[in-house]
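Heads up, the thing below is written out as structure tokens.
The values are calculated or read from the model by the stated rules, or taken from the named source; none is laboratory data. Keep in mind that this is a model prediction, so the values were computed, not measured. Here Cβ is always computed from backbone atoms with ideal geometry, including for glycine, and neighbour counts include all displayed protein chains. For the accessible areas, the whole protein counts, side chains as well, though only heavy atoms, and no ligand, DNA or RNA atoms are used. Shrake-Rupley method; radii C 1.70, N 1.55, O 1.52, S 1.80 Å.
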Amino acid sequence: MRTTVLFLLLTLGLASGRDGEGYRGHQVLSVRAQTPNQVELLKELMDKHDEIIFLTLPSSVKQTEFVVPPNLIQEVTSALREADITIELLFADAQKEIERSLAENERNRLYARSVYNSPHHDSPSHTVYYTYSEVVAIINNFAQAYKDLAQVHSLPYKTFEDKTVYYLTVTGKTNSAGTKPVIIVETLLHAREWITTAAAIYTIDNLLKNYEAGDAKAVQALDNFTWIFLVVANPDGYEYTFTANNRLWRKNRKRVTTNCYGVDLNRNFDVQFGGVGSSSACSSETYHGQHAFSEQETLNIRHLVETHYNNLISYLSVHSYSQLLLKPWGYTTSASVVPPNINELNRVGTIVNAELSSHGATHTFGTAAGVLGYAAAGCAEDWALTHKPGIYAYCYELRPRTSAAGGFIVAASQIPYVGAEVYHSFLALAAAILPK
């Protein structure tokens, strides 16, 4: 049955072509602001021109990367040069890079389809980015194949486009699943961050296979914890990046006004809502919504946390890109404002980050303000920790480090490497927080 389901989902295909010209002629630029005035200029450009897509937000701590449409290239580059900001041209045509990535995904898909025509392959290919319907089929297949270990559940709030959101629970055969500490893993809150869902699928697959094979670390992780994987938290946005002319879409797909769509779900949680790093303008990439928990997707996450509140021990919000592990609080630039359990967050975060960094790509551990140079209010992991004090709450920013290395369109061939980092870091977290 496992092979049959996987072969069917692979034959569904992927509409890799994008309507119209997409980002044809859009330049991907990278700059490093050195002064507060230069950071302010970048913020002004972001506020003034909704057409500019900021892949990373303005900062003086790291590179700021953004996509500029052809009609604004001269204005933007002139303003940057006048402010003595050095410009690095990463890509002259963003659409070409997107098409190259999608073409690779299709080649991998065709190969996987031929492999799954054999009865000897039971796992999803980990070099393919799957559509939402395929992801749902995959997690259902996991539940079918590992009936004693995995179960699929639906969440109560359907999305604006009437999609049901699903999650998968994974736990070992010993002890009652209802009494074990719970670790919630949320991925794909931002639509364009495909690598997060792919890494979650890789992690689930390896947890299940290795548990069955008797691997000591996988057995420890599943026998002592219940893992909840919200594999696609934002299905409307995710589907839009596959089927519409917008691979770099970030928000959900709620129709806010006649001509404006989308809320940044990772600014919509009830923690310092409407504060720094978010916007009240619908056209903004960081539009926080009309009020905290105004969105079906964030209501689903609140429901999930409250359902498992008593046993919740960790909340992991997985994003891309930058190769970071972020600890709360993300909403403040003050180094003196810290959670009460900061010592434990530091202890475990150091262990997890070391594991992340042991697979060929160095990650950096710290707060958003410390390693990104800006704060952001209304984020999931901050809310989870305020809602359930004492838990281990972190935000992952997966590979790569820069847009030059792939950014949000990181090659599908990188999935196994990123997936391995996530999988082993989860095992390290489980060992570090194991109940004594």
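What the table shows:
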item	result
Using θ = phi - 60° and Karplus 6.51 cos²θ - 1.76 cosθ + 1.60, couplings along the stretch 411-428 (whole Hz; Gly, Pro as x)	4, 4, 5, 8, 3, x, 6, 5, x, 5, 4, 5, 4, 5, 5, 5, 4, 5
Reachable lysines from Lys327, criterion Cα separation under 25 angstrom, eight or more residues apart if same chain	Lys43, Lys62, Lys180, Lys217, Lys251, Lys388, Lys436
Highest-fluctuation residue, His126, His49, His424 considered, GNM on the chain with Cα pairs under 10 Å	His49
Amide hydrogen neighbours beyond the local backbone of Leu90, cut-off 5 Å, H modeled	Val28, Leu29, Ser30
Cα gyration tensor shape of the stretch 282-326, rounded if a/c is under 1.5, else prolate or oblate by comparing a/b with b/c	oblate
Where labels lie 7 Å past Cα in the beta-carbon direction, separation of Ala432 and Arg100 in nm	3.5
Sequence ranges 372-380, 283-291, ranked by mean other-Cβ count within 10 angstrom, highest first	372-380, 283-291
Relative counts (whole %) of C-alpha pair distances in the chain, using bins that are 20 Å wide	27, 60, 13, 0
Cleavage-rule hits (trypsin sites (Lys or Arg not before Pro)) in the stretch 228-283: DSSP loop, at most 14 neighbouring Cβ within 10 angstrom	none
Computed [θ] at 222 nm, deg cm²/dmol, the chain (DSSP H ≥ 4; -39,500 (n - 2.57); rounded to nearest 500)	-11500 deg cm²/dmol
Heavy-atom SASA rank of Glu381, Glu99 (probe 1.4 Å, accessible area, largest first)	Glu99, Glu381
Cβ charges +1 (Lys, Arg) and -1 (Asp, Glu), total dipole of the stretch 330-407, debye	100
Fraction of beta bridges assigned by DSSP in the chain that are antiparallel (%, nearest 5)	55
Projected area, mean over directions - the stretch 32-170, Cα convex hull, nm²	12.9
GNM result for the chain, Cα springs below 10 Å: residue of Asp84, Asp264, Asp223 fluctuating most strongly	Asp84
Accessible-area order (highest first, 1.4 angstrom probe) of the listed residues Thr187, Thr367	Thr367, Thr187
Solvent exposure, largest accessible area first (probe 1.4 Å, DNA, RNA and ligands not counted), of Asp148, Asp93	Asp148, Asp93
Amide hydrogen neighbours beyond the local backbone of Ala393, cut-off 5 Å, H modeled	Tyr315
Lone cysteines, the chain (no partner Cβ under 4.7 Å)	Cys379, Cys395
Nearest-20 debye value, the chain charge dipole, Cβ charges on Lys, Arg, Asp, Glu	700
Gain on full stretching of the segment that runs from Asp84 to Thr307 - 0.36 nm per residue minus C-alpha separation	75.0 nm
Low-density loop cleavage sites - GluC sites (Glu not before Pro) in the stretch 19-97, where at most 15 other Cβ are within 10 Å (DSSP)	Glu21, Glu51
Computed FRET value (nearest 0.05) for Gln220 with Asp162, which takes r as the C-beta separation and R₀ as 56 Å	0.90
Relative contact order computed over the chain (Cα-Cα under 8 Å; 6+ residues apart), in percent	18
